[in-house]
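**Student:** Quick one: the structure is below, and I'll ask about it shortly.
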Amino acid sequence: MEQDVALASGRPGRSRAGAALGVRRRPPAALDPLLRAALDAAPPGLIILDNSKRVRLMTRAAGDLLGMRIGPRDVPKPVMHLLAQSHWLDAASLQTLAAAFNGVETHDPREVLLSVPCPGGARVVHMDLRRAGEAGWVASLTDVTHSHETQDWLLEHASTDPITGLWNRQHFMLMLHDRLDGPDAAGTVLLLLDLKRFKPVNETLGSAAGDALLRLVGGRLSGYLRENDLLARFASDEFGIMLGESADRASIAGLSARLTDLISRPFFIEGQSITIGAHVGVASAPDDGETADILVANAGLALAAARADARGQLRFFEPKLDEEARCRRSLEADLRRALAGGEFELHYQPQVDMRHHRVTGFEALLRWRSPSRGLVSPTAFIPLAEELDLIGEIGAWVLVEACREALHWPEEITVAVNASALQVEAGGFAATVARALRDTGLPGPRLEVEITESLLLRDNGTVTETFKALRTLGVGLVLDDFGTGYASLSQLARFHFDKIKIDRSFISSPEAAGEHAAIVRAIAALGISLGVPTTAEGVETVQQLERVRDNGCTSVQGYYYSKPVPASQVGTLLARLHGHDVAVD
Ligand code: C2E
Ligand code: MG
Ligand code: MG
C-alpha cells in the first residue's frame with residue numbers, strides 16, 4: 001500500500017519508483033509485517049496524515065478507540081471524511097476533531113479530549129496531534145477513561161446541559177440528594193420554573209431560535225441567583241433551582257416574582273422581539289418531601305397547578321395538589337374518550353340585531369355531557385383539550401356539527417363557531433372549514449369563525465394565510481372577547497374583521513355604567529368608523545340592553561334574550577323572539 005511504502009521510506013506520499021512505473025498500489029506486504037503488527041497493537045493508536053490532511057495510516061488501536069476500521073481503499077482520503085464513518089463519534093466529537101485537524105497549521109501540538117459514546121459506556125480518548133517533520137502530522141490516541149484528570153472532565157461533561165451550559169438534571173438530582181442527606185436538609189427549597197409560550201417560539205422560529213432563547217433565559221436566571229444557589233435545566237423549557245439557604249414563603253414569593261419578571265421582559269432573537277413568561281412551583285424539605293425524588297415530584301405538581309391557573313404564576317406545594325393531580329388524570333382519561341363516545345353536543349345562543357330586533361345568527365357553544373360528571377362547561381375542558389392536543393379533532397367535529405345544524409334554519413341566519421388559537425396556528429384550519437362546508441353543503445357566507453385577540457399577537461404568517469383562505473370561502477371573521485387582550489388598533493384594521501364582539505366583562509361588571517361604558521362607546525365608534533358591526537356579549541338585563549344600544553353596539557348576545565339552548569329548541573326560540581312561527585326543519 002502507498003502509505004506503507006511511505007512509512008517504510010520515512011516519507012509520506014507516493015514513492016518515486018512507484019510513480020515512475022505507474023504503479024498506484026502495492027500489496028500490503030510492502031510494510032514489514034512485524035512493524036505493521038507492532039504499530040497495530042501498540043497503544044497509543046496512530047493516525048498519520050500527509051500535508052493535505054489525508055490519512056496515510058490508521059492503526060488498528062486507533063480504529064478500536066474511534067469505533068471504525070479503514071481498508072486499503074480508504075487511503076489516502078481526507079481525515080474528516082474517514083472519521084465521519086465512525087459508528088461511535090457523535091456530532092460534538094466530530095466537531096472537536098474537525099477543529100483540531102483544521103486548526104493545526106503550525107508546529108504547535110494540539111491536544112483534545114473526546115467523549116466517545118461507545119457500547120458499554122462513554123470512553124474518554126486523549127488525542128495528541130503534532131507535526132511529523134515537514135511531511136505531515138501524527139495523531140496519537142490514548143484511552144484515558146480511567147485517569148484522574150479525566151474523571152473531572154467526565155463529570156463536567158456528563159453534568160452540564162449542552163444547550164445552556166447550566167447543570168443538567170442528573171447533576172442537580174445528585175446535589176439535591178447530597179443536601180437532603182446532610183446537616184442542611186431542613187429548609188431545602190426547590191423551585192421548578194417553566195416558560196410560558198416557549199413552544200410557539202420553537203415551532204415558528206425554529207429550534208436554533210428556541211435554543212438561543214433557552215440560553216438567554218439561563219443567563220438571566222443565573223445572573224440574578226446567588227452563587228450558592230444551584231440552577232439546572234431539567235428538560236425542554238423547565239429549569240430547577242435549589243436555594244443555597246433556607247427561606248420563608250414571603251421571600252420565596254418575592255424571589256419568584258423577580259425571576260418571572262426578568263423572564264417576562266422581551267428577548268431579542270434573530271431580529272425579533274420575543275415575549276414569554278414563566279410559572280413557578282415550589283416544594284421545601286422536610287414538609288413537602290424528604291427525598292430528592294419526592295421533592296421534585298411535588299414541586300412538579302405545584303408547577304402544574306401554577307400552569308393550570310390562568311392568573312397565577314407561582315404555586316407552593318400543598319397535599320391537596322396530589323388529589324387534584326389524580327382528578328386531572330381521570331379528567332384527561334375521560335376527555336380522551338369523549339369524542340369517540342359521542343359525548344359532545346352543541347348549544348346555540350341567538351345574536352339579535354339592535355335595529356330590526358331580529359335574530360341574525362346563533363353562536364355554537366360546545367358542551368360535554370360526561371356520563372360521570374354531567375354537563376361540563378367548555379371553560380373547564382377546552383384548555384385541557386388544547387394541552388392534550390385534542391382540540392383539532394374536537395374543533396373539526398364542532399364545525400361539521402354546527403354547519404349541519406344551521407342547514408335546518410332559515411337561510412338568512414348564520415352560525416358562529418369558536419376556534420381555539422392553537423387550532424388555527426396548527427395549520428390546516430382553512431382546509432378543515434372548507435371540508436365541513438363541502439360535506440354539509442352549508443354556503444360559506446352562513447358560517448362565521450370567532451377567534452380571540454391572542455391569535456393576532458402571535459401571527460407567524462399561518463394566521464394571515466388562514467384568514468385569507470377563509471375569506472375566499474366567504475366565511476365571516478369575528479374577533480371575540482375584544483378588550484380583554486392586547487390587540488392594537490392597527491391589528492384590528494389590518495385583519496379586516498366582519499364583526500367585533502365586546503367582552504362580557506365590559507357589559508355586566510359593576511363598572512359597566514361608568515368607565516366601562518366609555519370603553520364600549522369607544523369600541524362601537526371604532527366599529528362604525530371601520531365599517532364593522534359590534535356585538536355586545538353577556539347582556540342580561542334591560543338596563544344593560546339599553547346602555548349598549550345607546551352606546552352604539554349594533555347587535556346583542558346574552559341571557560336577556562336567551563341562554564344557549566340545545567339544537568332541538570332553536571325553532572321554538574326563534575318563534576318566541578320573532579313573535580311568530582319560524583320554519584325550522
Ligand atoms: P365565548 O365564545 O365568549 O362565548 C360566550 C360565553 O358567554 C358562553 O359561555 C355563553 O354561555 C356565555 N354567556 C353568553 N351570554 C351570557 C350572559 O348574559 N351572562 C353570562 N354570565 N354568560 C353569558 P360558555 O358556553 O361557557 O363558553 C365559554 C367559552 O368557551 C366561549 O366563550 C368560548 O371561548 C369557549 N368555547 C365554547 N365553545 C367552544 C368551541 O366549540 N371551541 C372552542 N375552541 N372554544 C369554545
Ligand atoms: Mg365566542
Ligand atoms: Mg366571547
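**Student:** Work from the charge dipole of the chain (Cβ charges, +1 for Lys and Arg, -1 for Asp and Glu, about the Cα centre) and give the residue of I502, S140, P566 farthest towards its positive end.
**Tutor:** Positive-most Cα among the choices belongs to S140.
**Student:** Return the subset of K199/K501; K199/K563; K199/K320; K320/K563; K320/K501 for which the Cα-Cα distance in this structure is over 31 Å, preserving the input order.
**Tutor:** Pairs exceeding the cut-off: K199/K563; K320/K563; K320/K501.
**Student:** Treating only the Cβ of Lys, Arg, Asp and Glu as charged (+1, +1, -1, -1), what charge dipole size does region 160-317 show about its Cα centre? Round to the nearest 20 debye.
**Tutor:** The dipole magnitude comes to about 660 debye.
**Student:** Which whole-number percentage describes the relative contact order of region 248-325, with Cα contacts under 8 Å and a sequence gap of 6 or more?
**Tutor:** That works out to 26 percent.
**Student:** Please enumerate, by chain and number, the lysines with C-alpha under 26 Å from the C-alpha of K53, excluding those fewer than 8 residues away in the same chain.
**Tutor:** K77
**Student:** Between H356 and A325, with labels modelled 7 Å along Cα→Cβ, what's the label distance in nm to one decimal, could you check?
**Tutor:** Label-label distance for H356 and A325, simple model: 5.7 nm.
**Student:** Once R0 is set to 22 Å, what does the formula 1/(1 + (r/R0)^6) return for the Cβ-Cβ distance between D287 and R258, expressed as a FRET efficiency to the nearest 0.05?
**Tutor:** Once the sixth-power term is evaluated, E becomes 0.40.
**Student:** May I pose another question? In square nanometres, what is one fourth of the surface area of the convex hull spanned by the alpha carbons of region 160-317?
**Tutor:** Approximately 8.5 nm², given one-decimal rounding.
**Student:** Under 13 Å from the Cβ of A430, count the other residues' Cβ atoms, weight Lys and Arg +1, Asp and Glu -1, and hand me the total.
**Tutor:** Residues close to A430 contribute a combined charge of +2.
**Student:** Now for a separate question. Helix-only estimate, please: 222 nm mean residue ellipticity of the chain, summing -39500 (n - 2.57) across DSSP H runs of length 4 or more and dividing by its residues, to the nearest 500.
**Tutor:** -13000 deg cm²/dmol
**Student:** At A42 and R369, where each label point lies 7 Å from the Cα along Cα→Cβ, what is the point-to-point distance in nanometres?
**Tutor:** A separation of 8.7 nm, rounded to one decimal place.
**Student:** Then there is this: Quick query: amide H of R123 versus all other amide H atoms, modeled in the peptide plane; which residues come in under 5 Å with a sequence gap of 5 or more or a different chain?
**Tutor:** V116, C118
**Student:** Here's something else I'd like to know. Could you pull out which residues in region 497-518 have an amide N less than 14 Å from a spot 7 Å beyond the Cα of Q569, following the Cα-Cβ vector?
**Tutor:** In region 497-518, the label zone of Q569 (backbone N under 14 Å from the point 7 Å along Cα→Cβ) covers no residue.
**Student:** With unit charges on the beta carbon (Lys/Arg positive, Asp/Glu negative), name the residue among I276, L221, A253 whose Cα is farthest towards the positive pole of the charge dipole of region 160-317.
**Tutor:** Looking along the dipole axis, the top candidate is I276.
**Student:** When the Debye formula is applied to the Cα atoms of region 510-585, each taken as the same point scatterer, what base-10 log of I(q)/I(0) results at q = 0.11 Å⁻¹?
**Tutor:** -0.36
**Student:** Normalised by the number of residues in the chain, what is the relative contact order in percent for Cα pairs under 8 Å and 6+ residues apart?
**Tutor:** That works out to 7 percent.
**Student:** Relative to the Cα centre, what is the charge dipole magnitude of the chain, using +1 at the beta carbon of each Lys and Arg, -1 at the beta carbon of each Asp and Glu, and rounding to the nearest 20 debye?
**Tutor:** Magnitude of the dipole: close to 2100 debye.
**Student:** Among V112, L442, N102, which residue has its Cα positioned farthest towards the positive end of the charge dipole of the chain, with +1 placed on the Cβ of Lys and Arg, -1 on the Cβ of Asp and Glu, and the dipole taken about the Cα centre?
**Tutor:** Positive-most Cα among the choices belongs to N102.
**Student:** At a Förster radius of 60 Å, what calculated FRET efficiency corresponds to the Cβ-Cβ distance of E149 and A525, to the nearest 0.05?
**Tutor:** According to the calculation, E is roughly 0.20.
**Student:** Let me ask something else. Hey, with R₀ at 35 Å, roughly what FRET efficiency would A247 and E332 work out to, going by the Cβ-Cβ distance, to 0.05?
**Tutor:** 0.55
**Student:** State the extension gain, in nm to one decimal, for the chain segment bounded by E412 and R197, taking 0.36 nm per residue of separation less the distance between their alpha-carbons.
**Tutor:** The span from E412 to R197 would gain 73.4 nm if fully extended.
**Student:** Above 32 Å lies some portion of the pair distances; for the chain, what is it as a whole percent of all C-alpha pairs?
**Tutor:** I get 63 percent for the Cα pairs in the chain exceeding 32 Å.
**Student:** Find how much the distance from A186 to E511 grows on full extension, using 0.36 nm per residue of separation minus their present alpha carbon separation; answer in nm with one decimal.
**Tutor:** 112.1 nm
**Student:** Add +1 for every Lys or Arg and -1 for every Asp or Glu among the other residues with Cβ under 9 Å from the Cβ of T360, and state the total.
**Tutor:** Combined, the nearby Lys, Arg, Asp and Glu give -1.
**Student:** How far, in nm, would the chain grow between M80 and E345 when pulled straight, counting 0.36 nm per residue and subtracting the alpha carbon separation?
**Tutor:** 89.2 nm
**Student:** Give me the net charge for the shell around V296: Cβ to Cβ below 11 angstrom, other residues only, Lys and Arg +1, Asp and Glu -1.
**Tutor:** Neighbourhood net charge equals -2.
**Student:** Sticking with this one: Under 5 Å between amide hydrogens, which residues at least 5 positions from A278 or on another chain qualify, with H placed 1.01 Å from N in the peptide plane?
**Tutor:** K196
Each value in this text was obtained by applying a stated rule to the coordinates, not by laboratory testing. Predicted model only: the values in this text are computed from it and were never measured. Note that we place each Cβ from the backbone using ideal geometry, even for glycine, and neighbour counts take in every protein chain shown.
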